[in-house]
Structures are given as structure tokens and as C-alpha cells.
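Report on the structure given below.
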């Protein structure tokens, strides 16, 4: 699993890890039941403390994104479909709100915005 850690970021490293894994789960890059790297393995790959990696996994578990099974490892939660759907809907709302605000700034009508959305919805394919 490819993660990018920035030591110069204001965001704590465990949070950077948790956010990137969460994003991979939400995007479908990581699917339900998929095993994550071991805490020690990920810490070694990222050249960080095991404690930092453990904290990231604990944050993800607490939020319902992963399940930690003693002696087996950490797995993407299979019970988080509704959680994922809510997160995605929240992101869509945020993006649409931003688009509406930009459209209003330039005087773009609701009808024109609706037409653009309809066009893009039909034209854009899954990446």
C-alpha cells in the first residue's frame, strides 16, 4: 500500500496515515475484508514508530473503517457500507456546494448549472 508521509506537515503522522487509508477505503481502492499491512510492517516501510502506526489503525478502528483481529491483523471493515455511503454523500454535498457558490459568483443560473450537471453526469466515466 502506497502512503505519503510529510514530516513538515502540521498534521500529525498518525492522522496522515489514517486519512490516506480512509480515502482509499472510501474510493474503493481498499475493499471490505482486505487485509492492511501489519503495524510493524507499515512502520518499517514508512520509517516511523510502531506506536504511530498503531495509533493510526486504532483511529480507523474507532471510526469503523477497519477491524483489528488479535493474532491475524487489521482488515477493512465489512460492516461500514452505510458509513462509507454517508462519507461519500457528505463529500458530494461539499463539492456541489462549492460549485453552486462559484456559479453564483459569475451569475450562472440554476438552470444552466443543472444542464451542466446533467451533461457531465452522462459524459464523465469512472476513472
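The values are calculated or read from the model by the stated rules, or taken from the named source; none is laboratory data. Given the structure is predicted, the values throughout are model-derived calculations rather than measurements. Every residue, glycine among them, receives a Cβ derived from its backbone with ideal geometry; neighbour counts consider all protein chains shown.
From the list 100, 84, the one residue that fits, being touching a residue at least 40 places away in the same chain (Cβ under 8 Å), within 24 Å of the chain's Cα centre (by Cα) and assigned to a helix (DSSP H, G or I), is 84. If the condition is being touching a helix residue (DSSP H, G or I) at 6+ places or on another chain (Cβ under 6 Å) and assigned to a strand (DSSP E or B), then segment 61-73 contributes 66, 68. Apart from one condition, residue 64 fits all of (1) closer than 24 Å to residue 5 by Cβ; (2) touching a residue at least 12 places away in the same chain (Cβ under 8 Å); (3) surrounded by 15 or more Cβ atoms within 10 Å (Cβ to Cβ); the exception is (3). Residue 93 meets all of the listed conditions (1) surrounded by 12 or more Cβ atoms within 10 Å (Cβ to Cβ); (2) assigned to a helix (DSSP H, G or I) but one, namely (1). Just to be sure before I move on: is residue 118 closer than 17 Å to residue 31 by Cβ and not assigned by TED's automatic domain parsing to the domain that holds residue 18 in the structure I sent? No; evaluated as a whole, the condition is false for this residue. Please specify each residue of segment 68-83 satisfying the condition of being touching a strand residue (DSSP E or B) at 6+ places or on another chain (Cβ under 7 Å) and more than 18 Å from residue 27 (Cα to Cα). Matches in segment 68-83: 68, 69, 73, 74. The number of residues in segment 30-60 being under 19 Å from the mean Cα position of the chain (by Cα) and assigned to a loop (DSSP other than H, G, I, E, B) comes to 7.
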